[in-house]
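Report on the structure given below.
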Amino acid sequence: MLIGVGLGPGDPELLTLKAVNVLKNSDKVYVPGRLAKDLVAPYADAEILEFPMIRDIEVLNSLWKENADRIAEEARKGTVAFGLIGDPNFFSTFSHLKKVMRKHYSDVELATIPGISSITSFAARTDVAVESSFEVSDGSDIGYMIHLKATKPKSIVKQLETEGYTEFIFAEKLFSDKELIIRKKEEIPEKGNYFSIIYGKK
């Protein structure tokens, strides 16, 4: 099993308890750089894998495959953690790694442990309160939508379809004993509650 572990913004006190437990109990821990290695150091002896910031697609694909080969060998035998700064599902190295793993090693189970992202870290550090809809951009085209407080999920999906979104997930009361996740559009309900979310992808 391979688990992407969010290490937060860089403050060692901002690792979650779950992240610490996974790092302590993994058979092997990898990280993409020195800062992540230092954050992990109190809990595990991590190995750095190189993920250079270059634009040559052929070279990149070769490096991604090489790293995936190494990880897959360990992940088939036990639990492997991949610790990284921020959150593993937001603009992260782990998102790319997951794609390669699913393409070449679909038998390896994948999971993620959320970390405090740069978005919420920024708000805390700069004393910014976000109280209405907002946009996050890295300069690329907008390809995703996360609609919070989705009390009318079916209607939200219909509206998003008119805006070009084609894939949807409905989630409710995440990480609770009443958690509900629906990935089939036709099964998304008419009503949700305050803790419901609709995710859309173009």
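The values are calculated or read from the model by the stated rules, or taken from the named source; none is laboratory data. Predicted, not measured: the structure shown is a model, and the values here were computed from it. When we count neighbours, we look across all protein chains shown, and the Cβ atoms used for this are built from the backbone with ideal geometry, even at glycine. Each accessible area value is taken on the protein alone, full model and side chains, heavy atoms only, with ligands, DNA and RNA left out. Shrake-Rupley method; radii C 1.70, N 1.55, O 1.52, S 1.80 Å.
Toward the positive end of the charge dipole of the chain, about the Cα centre and with charges on Cβ (Lys, Arg +1; Asp, Glu -1), which of Ile156, Ser95, Gly8 goes farthest?
Comparing the listed Cα positions along the dipole, Ile156 ranks first.
How large a share of the accessible area of the chain, in percent, is made up of carbon and sulfur atoms when the probe is 1.4 Å and the other protein chains stay in place?
After summing per-atom areas, the C and S share lands at 51 percent.
Per-residue HN-Hα couplings for segment 57-70, Karplus 6.51 cos²θ - 1.76 cosθ + 1.60 at θ = phi - 60°, whole Hz, x for Gly and Pro?
So the Karplus estimates, Gly and Pro as x, are 4, 5, 5, 4, 4, 5, 5, 4, 5, 4, 5, 4, 4, 5 Hz.
Can you give me the angle between helix 93-104 and the longest principal axis of the chain, using Cα atoms only, in degrees from 0 to 90, rounded to the nearest 10?
80
Amide H neighbours of Gly8 under 5 Å, at least 5 residues apart or on other chains, H built in the peptide plane: list them.
Here the answer is Gly86, Ile116, since their amide H atoms fall under 5 Å of that of Gly8.
So, for the chain, what is the accessible surface per residue at a probe of 1.4 Å, expressed in square angstrom?
Solvent-accessible surface per residue comes out at 64 Å².
How about segment 161-192: which GluC sites (Glu not before Pro) there are in a DSSP loop, with at most 10 other Cβ atoms within 10 Å of their Cβ?
Glu163, Glu190
Would you check the accessible area of Thr120, probe 1.4 Å, heavy atoms only, in square angstrom rounded to 10?
80
Sort Ile57, Ile169 by heavy-atom solvent-accessible area, probe 1.4 angstrom, most to least.
Ile57, Ile169
Assigning unit charges at the beta carbon (Lys, Arg +1; Asp, Glu -1) and nothing else, what dipole magnitude in debye, to the nearest 20, does the chain show about its Cα centre?
540
Between segment 36-55 and segment 103-120, how far is it from one alpha carbon centroid to the other, in angstrom?
So the separation of the two Cα centres works out to 15 Å.
Work through the residues other than Leu7 whose Cβ is under 13 Å from its Cβ and net out their charges, Lys, Arg +1 and Asp, Glu -1.
Once all neighbours under 13 Å are counted, the net charge is -1.
If we count every other residue with Cβ under 14 angstrom of Ala44's Cβ, Lys/Arg +1 and Asp/Glu -1, where does the sum land?
Cβ neighbours under 14 Å give a net charge of -2.
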